[in-house]
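> Below you will find the structure I want to go over with you.
The values are calculated or read from the model by the stated rules, or taken from the named source; none is laboratory data. As the structure is a prediction and not an experimental result, all values here were calculated from the model. Note that we place each Cβ from the backbone using ideal geometry, even for glycine, and neighbour counts take in every protein chain shown. What goes into the accessible areas is simple: the full protein's heavy atoms, side chains included, and nothing from ligands, DNA or RNA. Shrake-Rupley method; radii C 1.70, N 1.55, O 1.52, S 1.80 Å.
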Amino acid sequence: MKRGELLGSLEHILLLALMRLEEAHGMDIRREIEARTGRDISIGAVYATLERLEEKGYVSSFIAEATPERGGRSKRIFQLRAAGKRALQVSEETIRSMTAGIKVRLNTT
Amino acid sequence: MRSYSPPILACWILESIFPVSFREALVGDLIDEYWLRARSTSPRAAWIWFWGETCRAIPSLIWSLLRCRGWFTRLVAALAVYITMVILMFSADIVIARYLSPGQKAQLILPPIIFLLTTAAGGCVLARIRRQATMFLALFVMSTNIVLFAVRICSIPPPWWYQLTALIFGPATVLIAPAILERANSRSFAI
């Protein structure tokens with residue numbers, strides 16, 4: 001991850017979901033996000049973001065066997081890579097340093 | 001009991017417009033979820049959900065195209081093809097106006113046919129250069145037609161099917177024609 005480059009909000013959430021699930025396909029990740037955050041993200045957005053994260057080297061994927069239930073279409077399973085973990089650490093550190101000292105103000109509305 | 005299945009047209013649209021790298025997994029996931037929903041709710045609700053997801057997936061694709069690397073090259077390629085298409089359509093219009101009298105039916109029918117043929121050809125050419133740029137071309141076709149209809153460039157209002165052709169079938173042809181060509185090619189290879 002380049003210095004100063006931050007993860008987008010959806011990228012961040014997707015990586016965190018993948019960290020929780022360890023190995024998952026698009027719909028699993030979507031369900032996890034919906035269950036935890038209540039955000040209903042379209043499957044198109046999930047795959048487009050995963051594709052981008054794979055291009056950046058933060059996640060990897062492999063093709064699982066096709067099933068008749070899926071109309072003979074194969075599953076694509078995603079995994080978090082070490083670079084993705086590092087990107088999450090950098091993001092967390094950035095957020096922590098930016099919120100240091102203002103947490104009280106954040107909690108008062 | 002009535003048999004039910006995921007909407008074939010929606011699957012086909014998704015498989016035609018999404019990048020090869022994840023179209024199979026995306027459509028497969030949607031079909032999986034469709035069966036779960038059809039069992040837990042109703043086939044009709046699942047069918048509506050599937051179409052909703054199809055419509056929601058398209059803006060995500062446009063957004064991802066804008067965010068991914070190389071989007072500028074795709075935009076330029078789409079613009080170049082679009083300009084060529086416009087030049088071809090204008091030339092055809094001039095020829096039609098020159099050789100056909102205003103009252104003839106052919107003068108009314110030929111322009112939309114030429115428009116659709118040009119958009120199909122433009123889509124196929126662009127798909128060979130940059131597959132993912134076709135979405136940009138479809139957006140160009142749709143947005144310029146919206147502007148043209150909004151400013152009412154014609155003194156006589158065009159028939160409704162002109163507007164339908166320009167706004168729906170035009171952009172759809174840009175996306176669908178390359179997919180049809182690809183399938184035809186892969187079939188001929190298989191034979």
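> Which of the DSSP-defined H helices in chain A satisfy a minimum axial length of 15 Å, computed from C-alpha atoms, and a minimum mean Kyte-Doolittle hydropathy of -1.0? Kindly include the intermediate steps, with their values, before the conclusion.
Details: long enough: A:9-21 (18 Å, 1.46); A:26-37 (16 Å, -1.03); A:43-56 (20 Å, -0.10); A:82-99 (26 Å, -0.39).
Long hydrophobic helices here: A:9-21, A:43-56, A:82-99.
> For chain A, what is the calculated [θ] at 222 nm in deg cm²/dmol (nearest 500), taking -39500 (n - 2.57) for each run of four or more DSSP H residues and dividing by its residue count? Don't skip to the answer; put the middle values down first.
Numbers: 5 runs with 62 residues, N = 109.
It lands at -18000 deg cm²/dmol.
> Which of B:Gly170, B:Gly28, B:Gly123 moves most in a GNM of chain B, Cα contacts under 10 Å?
Of the options given, B:Gly28 has the highest mean-square fluctuation.
> Using only the heavy atoms of the protein chains and a 1.4 Å probe, how would B:Glu15, A:Glu65, A:Glu93 rank by accessible area, largest first?
I get A:Glu65, A:Glu93, B:Glu15, largest accessible area first.
> Across the stretch B:8-67, what fraction of all alpha-carbon pairs, as a whole percent, falls in each successive 10 Å bin from zero upward?
So the P(r) values, bin by bin, are 22, 53, 22, 3.
> Relative to the longest principal axis of chain B, what angle (0 to 90°, nearest 10) does the C-alpha long axis of helix B:134-151 take?
Compared with the principal axis, the helix lies near 50 degrees.
> Carbon and sulfur together cover what percent of the accessible area of the stretch B:71-190 at a 1.4 Å probe radius?
73
> For a quick size check, give me the Cα extents of the stretch B:71-190 along its three principal axes, largest first, whole Å.
Cα spread of the stretch B:71-190 along its principal axes, largest to smallest: 48, 33, 23 Å.
> Here is a follow-up. Leaving out ligands and nucleic acids, and using a 1.4 Å probe, what accessible area per residue does the protein assembly as shown come to in Å²?
Value returned for the protein assembly as shown: 59 Å² of accessible area per residue.
> Using protein chains only and a probe of 1.4 angstrom, how many square angstrom of B:Val27 are accessible, to the nearest 10?
Taking all protein chains as shown, B:Val27 has close to 0 Å².
> While we're looking at this one, here's another question. Just to be sure I understand: if you take the accessible area of chain A alone plus chain B alone and subtract the pair, with a 1.4 Å probe, what total do you get in Å², rounded to 100?
Chains A and B together bury approximately 2200 Å².
> Rounded to a whole number, what % of the accessible area of chain A do carbon and sulfur atoms account for, probe 1.4 Å?
Roughly 51 percent, rounded to a whole number.
> Something else about it: If I ignore ligands, DNA and RNA and count only protein heavy atoms, how much of B:Met135 is accessible to a 1.4 Å probe, in Å² to the nearest 10?
Roughly 10 Å² of B:Met135 is accessible to a 1.4 Å probe.
> Please list A:Lys103, A:Lys56 from largest to smallest accessible area, probe radius 1.4 Å, with all protein chains kept in place. Present the calculation step by step, with values, prior to reporting the outcome.
On the way: A:Lys103 120, A:Lys56 65 Å².
Output order, biggest surface exposure first: A:Lys103, A:Lys56.
> How much accessible area does B:Val95 have with a 1.4 Å probe, in Å² rounded to the nearest 10?
B:Val95 has an accessible surface of roughly 80 Å² with all protein chains in place.
> Would you list B:Thr165, B:Thr144, A:Thr108 from the most to the least accessible area, probe 1.4 Å?
A:Thr108, B:Thr144, B:Thr165
> Please name which of B:Met89, B:Val76, B:Gln132 has its Cα lying farthest along the dipole of the stretch B:71-190 towards the positive end, using unit charges on Cβ (Lys, Arg +1; Asp, Glu -1) and the Cα centre as origin.
The listed residue farthest towards the positive side: B:Gln132.
> Where in the stretch B:11-31 does accessible area fall by at least 40 Å² between the isolated chain and the complete protein assembly, at a 1.4 Å probe radius?
Checking the loss per residue gives B:Ser21, B:Phe22, B:Glu24, B:Ala25, B:Leu26, B:Asp29, B:Ile31.
> Okay, moving on. Could you give the angle, 0 to 90 degrees to the nearest 10, between helix B:71-99's Cα long axis and the longest principal axis of the Cα atoms of chain B?
40
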